[in-house]
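Below you'll find the structure, written out as structure tokens, and then a few comments.
The values are calculated or read from the model by the stated rules, or taken from the named source; none is laboratory data. As the structure is a computational prediction, the values presented were derived from the model and not from experiment. Positions of Cβ are backbone-derived with ideal geometry, glycine not excepted, and every protein chain shown enters the neighbour counts. What goes into the accessible areas is simple: the full protein's heavy atoms, side chains included, and nothing from ligands, DNA or RNA. Shrake-Rupley method; radii C 1.70, N 1.55, O 1.52, S 1.80 Å.
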Amino acid sequence: MSQTKPNRSLLIKGGHVIDPASRLDAPMDLLLRDGRVAEIAAPNTIRTPADEKFDAKGLIVTPGFIDIHVHLREPGQAYKETIATGTAAAAAGGFTSVCCMPNTQPVIDSADWVAWLQSPERGAVVNVFPIAAATKASKGAALTDFRSLQRAGAVAVTDDGKPILSDDIMRDTLRIASELNLPVIQHAEDTRQTEGASMNEGPTSFRMGLRGMKDSAESSIVERDVQLAQQFAGARLHVAHLSTADALKAVRRGKRNKLRVTCEVTPHHFTLLDSDIQNYDGNYKMNPPLRSSSDREAIIAALADGTIDAIATDHAPHAKHEKTIEFARAAFGITGLETALGLAITHLHREHKIPLARIVELFTAGPARVVDLRGRGTLARGAHADVTIFDPKKRWTFDVNKTKSKSANSPFDGAALTGKVVATIVSGRFVHRAS
Amino acid sequence: MTKPARGSLLGIENLTPAEISAYLQLARKMNPQKPKPLLKGKRVFLLFYEASTRTRSSFEVAAKSMGAMTTLVLSSGSSIEKGESLLDTGYTLRAVGADVIVIRHPEAGAPLLMAQHLDIPVINAGDGMHEHPTQALLDAYTILKHKKTIKGLKIAIVGDIYHSRVARSAVYLLTKFGAHITLCGPPEFLPDLATTLAPGLQITRSVEEAVHGVDVIYVLRVQKERLGGQALSVNDYIARYQMNAARVRLAKKDAIVMHPGPVIRGMEFTWDVADCPQSVIVEEVRNGVPVRMGILAKALGKAK
């Protein structure tokens, strides 16, 4: 984040603005000045002179995308990714803000580490909002100091990757977080049911001779969490990378009962199925795993009908030596920042006819609401000058060798996609421009 | 990553019936008593990450009797213990001069991974719960010594199907040739999902129903430790699924009784059934040699 240098003004002309937070979906011009949205108006009506102009003819102009689930791997695992490389990949994917998960080495369980993540020395090129651990070292036993973590800049708490299984600890987490209006993010997996499992349980796992994860391992935790959230007025429960139809039912029930329950899904879960796993390729291994076609259909329906609040990538870089090994021993997770928009347009918009405005909402206003990023996820006057400009019709092929991430563990290498980011602007400055 | 080298044998699932028949034909041409030195000067590496008696010794005998040199590498006592990766072990054996690698590994997909990164053929000698293709071939070879054709045979496979690579390979092979297969076992060992392995599979929880009128009874090993933690006790298992003389009598008179070994007498078999006249268990082991001779000859391009 380079906010120190005085900003020049930038006029984005001729584009089609989609800003679901402001209910805008029309050709408009946009003037950015001093890191903020200065004016947004009908085409050719902005008279204020600008230092720089960007011709957005034929392009979609939206609030900067927000990814509320990424692993930047620092501190401790810089061989997989650094904050600098991870945020460069984010910029290339159109993301102007990312929320990073605390399962680093050490775990982000203190205010000092939350501050460390946000230091300019990390070299981030997009906004980084830390998510802190809910329990010390994410061991699921003693709670961290939510208040001091929040003051230091944490936007939520979670033990991502290590779900909070104990009812008592989860209850305490929700209670204390509710007093601070802090979202609690749960990686919903009953790990007592998934030991040794490396993919979804189904015909494919049976054929491949791999231990499978039942969908109930996810849905049972979501059901429990929704019940616990009900006990505290204002408790905010966010279900990370939801992957099963049954978990979705529990979220729907919570929303119907007016609970503050939100959820996200990943591009790989709305794109791929467990039966797409080929040749024991470790780049198809992630947690939650790729699921059945009925799960995928339920997710796509929920993306369309508004049940799902955000698309989040769960960008999880791993080195080659952690992936090019026996499938059951390979690390869980794939990179995802640079393919998210292309997959969403290709599969959700073109294949399943979900309106572009809804997809933009899932990348902007939706995630901004989940973690309360004020003045982001919108292009309203006065908002942060974070803007994503993309070409919804551009056909391209993802080449993992050209990734900005330090890792290349993606199942989408060679995927033909439609919809490409043309420019990413953070605080009024370009952090990515398509070559 | 490349395609596995010609002659690799990684599983039955993706073989055509013609390819399987070619392997069986080749085995019939092999004479373990008077072997031809087809593999003279070749180096066969046996890379075993798991215990094995039958598979390992029959591959070794098959290779040596055709004039190959064999080298056995076990996970214990090698650099694998020091944390060397599967691929690095493969590159090492290739550098030492391996012409073919026969691998047994506790994880599904390990032989494929190695084959995708080496330019020499890789033979799967059993990978996790996935496949055991050479066992399925020797079983088909054995069945065809007793039955004219596999098509139309009624076959019961009884025991721990979930954990069994032998069961998966056998199901693929036998259904490709038109056998009617009934799988039998408790839900812990035989989830309903098992019917998705191949078209036309039947499932039953009653061993009497499974073996009634069949041509082949194929019994799988049951590991006591796998019953631990399951709803089923060892005594329950024995009472409901153990193959005893009375149950064998429900099959056709000329039915054969098979088992891939190692047999745990008193568990999946009573003592007498393992040795009964219908039992072909020892013959299966014997047939492993010509079948694996053919597989090695083909792998090394020496099959005519």
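Tabulated data
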quantity	calculated
Some residue of the stretch A:232-243 being within 14 Å of chain B (Cβ to nearest Cβ) and within 30 Å of B:L190 (Cβ to Cβ)	no
Helices (runs of 4 or more DSSP H) completely within the stretch A:127-211 that count 3 or more residues being within 14 Å of chain B (Cβ to nearest Cβ)	A:203-208
Residues satisfying the stated conditions in the stretch A:144-162, i.e. of a type outside the set (G, A, S), modelled with pLDDT of 95 or more and buried (at least 19 other Cβ atoms within 10 Å of the Cβ)	A:T144, A:F146, A:L149, A:Q150, A:V155, A:V157, A:T158, A:D159
Qualifying residue in the stretch B:141-162 (condition: open to solvent by less than 10 Å² (accessible area, probe 1.4 Å), in contact (Cβ under 8 Å) with a residue 60 or more places away in the chain and within 13 Å of the chain's Cα centre (by Cα))	yes
Positions within the stretch A:211-220 being open to solvent by less than 10 Å² (accessible area, probe 1.4 Å) and in contact with a strand residue (DSSP E or B) (Cβ under 7 Å, 6 or more places away or on another chain), in sequence order	A:M213
Strands (runs of 3 or more DSSP E) wholly inside the stretch B:100-209 that include at least 2 residues being within 14 Å of chain A (Cβ to nearest Cβ)	B:100-105, B:122-127
All positions within the stretch A:285-311 that are assigned to a helix (DSSP H, G or I) and not acidic (D, E)	A:S293, A:S294, A:R296, A:A298, A:I299, A:I300, A:A301, A:A302, A:L303, A:A304
Residue match in the stretch A:396-413 (condition: in a strand (DSSP E or B) and open to solvent by 10 Å² or more (accessible area, probe 1.4 Å))	yes
Any hit, the stretch A:343-352, residues being under 23 Å from A:K80 (Cβ atoms) and not assigned by TED's automatic domain parsing to the domain that holds A:I40	yes
Near pairs, Cβ below 9 angstrom, 6+ apart or cross-chain, from the stretch A:164-193 (open to solvent by 60 Å² or more (accessible area, probe 1.4 Å)) to any residue that is of a type in the set (S, T, Y)	A:Q193/A:S216; A:Q193/A:S220
Unmet requirement for A:G123, which otherwise passes all of (1) touching a Ser or Thr at 6+ places or on another chain (Cβ under 9 Å); (2) within 30 Å of A:H432 (Cβ to Cβ); (3) free of Cβ contacts under 8 Å to residues at least 40 places away in the same chain	(3)
Single condition A:D295 does not satisfy, out of (1) within 14 Å of another protein chain (Cβ to nearest Cβ); (2) in contact (Cβ under 8 Å) with a residue 40 or more places away in the chain	(1)
The stretch A:261-272 - residue that is touching a residue at least 60 places away in the same chain (Cβ under 8 Å) and not hydroxyl-bearing (S, T, Y) and, of those, most open to solvent (accessible area, probe 1.4 Å)	A:L272
Selection count where residues are under 23 Å from B:D127 (Cα atoms) and aromatic (F, W, Y), scope the stretch B:169-207	2
Conditions (1) open to solvent by 10 Å² or more (accessible area, probe 1.4 Å); (2) within 30 Å of B:E13 (Cβ to Cβ): number failed by A:G234	(2)
Verdict on B:L46 being open to solvent by less than 50 Å² (accessible area, probe 1.4 Å) and in a loop (DSSP other than H, G, I, E, B)	no
Residue list for the stretch A:196-210, restricted to those being crowded, with 23+ Cβ neighbours inside 10 Å and within 26 Å of the chain's Cα centre (by Cα)	A:S198, A:M199, A:N200, A:E201
Close pairs (7 angstrom Cβ cut-off, 6 or more residues apart or separate chains): farther than 30 Å from B:A51 by Cα in the stretch B:240-261, open to solvent by 10 Å² or more (accessible area, probe 1.4 Å) and among the small types (G, A, S) anywhere	B:A251/B:G213; B:K252/B:G213
Some residue of the stretch A:334-343 being within 16 Å of the chain's Cα centre (by Cα), under 27 Å from A:G212 (Cβ atoms) and in a helix (DSSP H, G or I)	yes
Complete set of residues in the stretch B:210-220 that are out of contact with any Leu (no Cβ under 6 Å at 6 or more places or on another chain) and not in a strand (DSSP E or B)	B:A210, B:G213, B:V214, B:L220
Test: A:E223 is touching a residue at least 40 places away in the same chain (Cβ under 8 Å) and of a type in the set (D, E)	no
Looking only at the stretch B:71-99, and only at residues there that are crowded, with 19+ Cβ neighbours inside 10 Å and more than 18 Å from B:E50 (Cβ to Cβ), the one that is farthest from the other protein chains (Cβ to nearest Cβ)	B:D99
Filter result (under 26 Å from A:E81 (Cβ atoms) and either of a type outside the set (A, V, I, L, M, F, W, C) or part of a loop (DSSP other than H, G, I, E, B) (or both)) within the stretch A:353-371	A:T364, A:G366, A:P367, A:V371
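Conditions tested, residue by residue: (1) without any contact (Cβ under 8 Å) to a residue 24 or more places away in the chain; (2) outside the structural domain of A:G419 (by TED's automatic domain parsing); (3) open to solvent by 30 Å² or more (accessible area, probe 1.4 Å).
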| position | (1), (2), (3) |
| --- | --- |
| A:G15 | no, no, no |
| A:G35 | no, no, no |
| A:I40 | no, no, yes |
| A:I46 | no, no, no |
| A:D55 | no, no, yes |
| A:T82 | no, yes, no |
| A:C99 | no, yes, no |
| A:W113 | no, yes, yes |
| A:L117 | no, yes, no |
